[in-house]
1. Using the Kirkwood formula on the Cα atoms of segment 31-157, what hydrodynamic radius do you get, in angstrom to one decimal?
2. Stretched out fully, how many nm does the piece from LEU204 to SER171 gain, at 0.36 nm a residue minus the Cα gap?
3. Would you calculate the separation in nanometres between label points at ASP153 and SER78, each defined as 7 Å from the Cα along the Cα-to-beta-carbon direction?
4. For LYS188, what is the net charge nearby, where nearby means another residue's Cβ is under 12 Å from its Cβ and Lys, Arg count +1, Asp, Glu -1?
5. Thinking of segment 25-103 as a set of Cα atoms, what percent of all their pairs are more than 19 Å apart?
6. Determine by what factor the alpha-carbon radius of gyration of segment 2-63 differs from 2.2 N^0.38 Å, reporting the quotient.
7. How big is the chain by the Kirkwood estimate over distinct Cα pairs, in Å?
8. For a Förster distance of 35 Å, can you work out the FRET efficiency between the beta-carbons of ASP65 and GLU164, rounded to the nearest 0.05?
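Throughout, read-outs are computed from the coordinates displayed, never taken from laboratory work. Small disclaimer: the values here were computed from a predicted structure and weren't measured. No Cβ is skipped: glycine too gets one built from the backbone with ideal geometry, and neighbour counts run over all protein chains shown.
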Amino acid sequence: MSSCGVRRLELSVAAPELSVDFLAGVLGWTVIAEPGGSFSGWVGDRLAVQVVAGNAGWCVVFGGDAPRGLELNCSVDSGRVLHGPWAPPPRHGEPCWVELVSSSEVGYWARELGWETAPGGVFTSSRHGEPRPVAGSSPDGVPGGWGVFFAVDDIKAACARVSELDGEVISGPSSSPLGVVASISGPKGGVCSVLECPAGWGGLQGSYGVQG
């Protein structure tokens, strides 16, 4: 069956505590220290990210029926999907979109996750009825990885906070098919994007309310 969204995001970096502190400072997470030197970032009662020691970068754990590994150190896990087109709208600090930045692997991900492809480099899922945008794809960026996006209430304030915390605003803020976005990086890695006030998963590409 088609995956309808993201269970959680994982960030594998050399300095997990410094990286999660930086992102929490920008995105307002509540940080919890986990066993084994890892950390989790929460927005209310919803898990936003797990940060672990390593060098794999961002890994996406998609929701699905049969837990299994995927390429690019990603995976499928069963259980409630926390982030996606049928989940509650993203709040400040929560994941609000994921994007594959390698066009050569589009077919693999569509087959593995039961998605369809739509114009504009968009994957759609029909798991709960009509097709809805569930992920993007782009030939630009670092080949063979997933880009992740987080919702922010005020993108200019978020970018200012990045600079205050010795991070880098790599690009933006600028308009995109998703809305107003910026690409940021912490002083110890963890490149990601922030999207201003998305009404739903995928921003302007999919503004949906809460479904049952």
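1. When all Cα pairs of segment 31-157 are included, the Kirkwood radius is 15.7 Å.
2. Here the answer is 9.9 nm.
3. The modelled label-to-label distance comes out at 3.9 nm.
4. On the way: positive: none; negative: GLU17, ASP21, ASP166, GLU168.
Charge balance in the 12 Å sphere: -4.
5. 45
6. Numbers: Rg = 11.5 Å, N = 62, 2.2 N^0.38 = 10.6 Å.
Dividing the Cα Rg of segment 2-63 by 2.2 N^0.38 Å gives 1.09.
7. 16.9
8. Details: r = 44 Å, r/R0 = 1.25.
According to the calculation, E is roughly 0.20.
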